[in-house]
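The values are calculated or read from the model by the stated rules, or taken from the named source; none is laboratory data. Just so it is clear, the structure is predicted and the values come from calculations on it, not from any experiment. We place every Cβ from the backbone using ideal geometry, glycine too, and count neighbours over all the protein chains shown.
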Amino acid sequence: MEPWVRFSAQSQARERLLRAAQYGCALAGAALQRNGASAEVVARVRQLEAHLSLGRKLLRLGGSADALEAAKRAIHLSDTVLRFCLTLSHLNRAMYLACDNVLWAGKAGLAPAVDQEKWSQRSFRYYLFALIVNLSRDAYEIRALMEREAGGQRAKGAEAGRQQQQRRRAEAGLQQLGLRLQLELRLLLRVLRGNPPLLLDVLKNACDLFIPLDKLGLYRSSPAFVGLCGLASSVLSILTILHPWLKLKP
Amino acid sequence: AAMERFVDFTDRSQGRERLLRATQYTCMLLSYVIERKADKEELVLKLKQLEASMSSGRKMFRLGNTVHALVAARRTTQLPDVVPRVCLTASNLTRALYFVCDTVLWLKSVGLQPDIDAPKWRNWATKCYYFSLLMNLARDWYEVSWRLEHAVQKEKIKENSSWDKRNQELNCLKCDGLHGFFLLLFQILKNHPPLVLDMVKNLLVLPDLPVISALHEHALLTLDLWSGECQLCPRASAPSSFP
């Protein structure tokens, strides 16, 4: 029980749990509907999901300040690409949270004149931007690690010779493209396996990507799939809280 | 720097909860004040809606606090002194019961179990909350009284060891009477800020009028902001011998 207390004492941990519950409800609702459960049960699950969503919006009030602070800190990073990506990502997150606060005000009845659809679309657009920037940062890190790994390979003796022969042979015939892709893929998998934080971040962002894509209408998938993606990314995020070494730094 | 302070404060689970609670009670107060005035029904409705949404969001965030209270109760059963041990354990156990009632009320408000008797559970929740506060106050009273006793004993020893008769008379005057008692009390409380904060927090409970509960919440919020995480640690046993 002690681990639970330590875990949930962090406000972010509880928020992630509630997010997992929310997307779990979405998934359960879609699954129940497909399997022909009674309309009342489905309605209850949807109501719970709506409550969870509204409650999470309430808890996110003032999160823009958080994101702006993080953006201020990210400006001092040494690496240019990282600096650019992280600052942009945090700024987009701040805008997303600001739109989210407006949505909450509308849903809670404070400002009933708020156009829910318009602000919802806006908030998801900023969220999508933030995720794309995060993924490009991940791609940059992967590229850098792959080059380092390939360079390290070349430094080794006999194996390097063999690899080079393989490479020359690969650069020769018509099957060269397939072989080259295979080599790159193997290198990519090796890099990802050796860097769990990076792998987790890539998976998390990839899962998260489907949510705004669906809500904005860019890539419509079933509600069950969206729920599953949300649940998966929440679980991965909880893992990074339980094991702080799994969090990608900076 | 102010923003950093805000972020730091709300990052802790407690801080954000306090802010939400303060806002909720402010809404309650405002709706009570404005209700009397005519043609402000819409505003009152909005405030009530806002208060309901904050209350439900806070309850949701509190899910799982039962475990917190049980763990705290387990910890306090290991205190060396009898009175704090009994008081704090009872307080934490009733707090756990309060959170159970709270969870049940949340289940009803969310629509998962619509056939729950809300007034009964709310009644129980209030009783548990007050009992736990009472236990906390009892423990605070005990702490203050043994410190007071200790300080009085120290003064008496100083009196006995001083050779100057005139000084002795003056010292006696200082120790006796209500004036001396309050001076000593003030001295003790000044030297032990966590104890003061705890007592003040417990004593500020007068929730029947919306004004008082709103003021109560704002006072608690201010105390929290000023003191950071000033938790009252369970004290070690009172010293049995005096220097």
For region A:64-71, state whether one or more residues are aliphatic (A, V, I, L, M), more than 14 Å from every other protein chain (Cβ to nearest Cβ), in contact with a helix residue (DSSP H, G or I) (Cβ under 6 Å, 6 or more places away or on another chain) and in contact (Cβ under 8 Å) with a residue 12 or more places away in the chain. no
With B:Thr94, B:Thr66 as the choices, which residue is among the polar types (S, T, N, Q) and either within 14 Å of chain A (Cβ to nearest Cβ) or over 25 Å from B:Lys120 (Cβ atoms) (or both)? B:Thr66
If I filter region A:121-139 down to residues being of a type in the set (S, T, N, Q) and farther than 15 Å from A:Lys204 by Cα, which single residue comes out as surrounded by the most Cβ atoms within 10 Å (Cβ to Cβ)? A:Ser123
Take region A:196-250 and flag every residue that is farther than 15 Å from A:Ile132 by Cβ and assigned to a loop (DSSP other than H, G, I, E, B). A:Gly217, A:Arg220, A:Ser221, A:Ser222, A:His243, A:Lys247, A:Leu248, A:Lys249, A:Pro250
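Restricting region A:140-154 to residues that are of a type in the set (Asp, Glu) and within 25 Å of the chain's Cα centre (by Cα), which is surrounded by the fewest Cβ atoms within 10 Å (Cβ to Cβ)? Spell out how you get there, then give the answer.
Quick first cut of region A:140-154, residues of a type in the set (Asp, Glu) only: A:141, A:147, A:149.
Going one step further and asking which of them are within 25 Å of the chain's Cα centre (by Cα), we end up with A:141, A:147.
On the way: A:Glu141: 21, A:Glu147: 12.
Filtering first and then ranking leaves A:Glu147.
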Just give me the residues in region B:99-144 being assigned to a helix (DSSP H, G or I), within 14 Å of B:Lys59 (Cβ to Cβ) and of a type in the set (Gly, Ala, Ser), in sequence order. B:Ser109, B:Ala118, B:Ala125
Which ones in region A:8-59 are modelled with pLDDT under 85 and basic (Lys, Arg)? A:Arg14
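Among the residues of region A:86-144, how many are under 27 Å from B:Ser56 (Cα atoms) and of a type in the set (Ser, Thr, Tyr)?
Narrowing region A:86-144 to residues under 27 Å from B:Ser56 (Cα atoms): A:93-124, A:127.
Among the residues that remain, those that are also of a type in the set (Ser, Thr, Tyr) are: A:96, A:120, A:123, A:127.
Total meeting the criteria: 4.
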Only one of (1) crowded, with 18+ Cβ neighbours inside 10 Å; (2) more than 10 Å from every other protein chain (Cβ to nearest Cβ) does not apply to A:Lys118, and that is (1)
Residue hits (region A:181-195; more than 11 Å from A:Ala150 (Cα to Cα), in a helix (DSSP H, G or I) and touching a residue at least 24 places away in the same chain (Cβ under 8 Å)) are A:Leu192
Within region B:82-90, identify whether any single residue is more than 14 Å from chain A (Cβ to nearest Cβ) and surrounded by fewer than 16 Cβ atoms within 10 Å (Cβ to Cβ), and answer yes or no. yes
Against the condition more than 12 Å from every other protein chain (Cβ to nearest Cβ) and surrounded by fewer than 16 Cβ atoms within 10 Å (Cβ to Cβ), how does A:His76 come out, does it pass? yes
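Please work out if A:Leu135 is touching a Leu at 6+ places or on another chain (Cβ under 9 Å), modelled with pLDDT of 95 or more and among the aliphatic types (A, V, I, L, M). Explain how you work it out, then say what you get.
Details: touching a Leu at 6+ places or on another chain (Cβ under 9 Å): yes; modelled with pLDDT of 95 or more: yes; among the aliphatic types (A, V, I, L, M): yes.
Yes; evaluated as a whole, the condition is true for this residue.
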Only one of A:Val41, A:Val81 is surrounded by fewer than 19 Cβ atoms within 10 Å (Cβ to Cβ) and under 24 Å from A:Cys207 (Cβ atoms). Can you tell me which? A:Val81
Neighbours by Cβ (under 8 Å, 6+ apart or cross-chain): first from region A:107-135, closer than 14 Å to A:Arg93 by Cα; second buried (at least 20 other Cβ atoms within 10 Å of the Cβ) and among the small types (Gly, Ala, Ser): A:Ala130/A:Ser89; A:Val133/A:Ser89; A:Asn134/A:Ser89
Just one listed residue, out of B:Met3, B:Met28, B:Met60, is facing chain A (nearest Cβ under 10 Å) and modelled with pLDDT of 80 or more, and it is B:Met60
So if I check each of A:Val81, A:Val45, which one is at the interface with another protein chain (Cβ under 10 Å from one of its Cβ atoms), of a type in the set (Val, Ile, Thr) and either part of a helix (DSSP H, G or I) or in contact with a His (Cβ under 8 Å, 6 or more places away or on another chain) (or both)? A:Val45
Which ones in region B:31-57 are without any contact (Cβ under 8 Å) to a residue 12 or more places away in the chain, among the aliphatic types (A, V, I, L, M) and facing chain A (nearest Cβ under 10 Å)? B:Leu45, B:Ala52
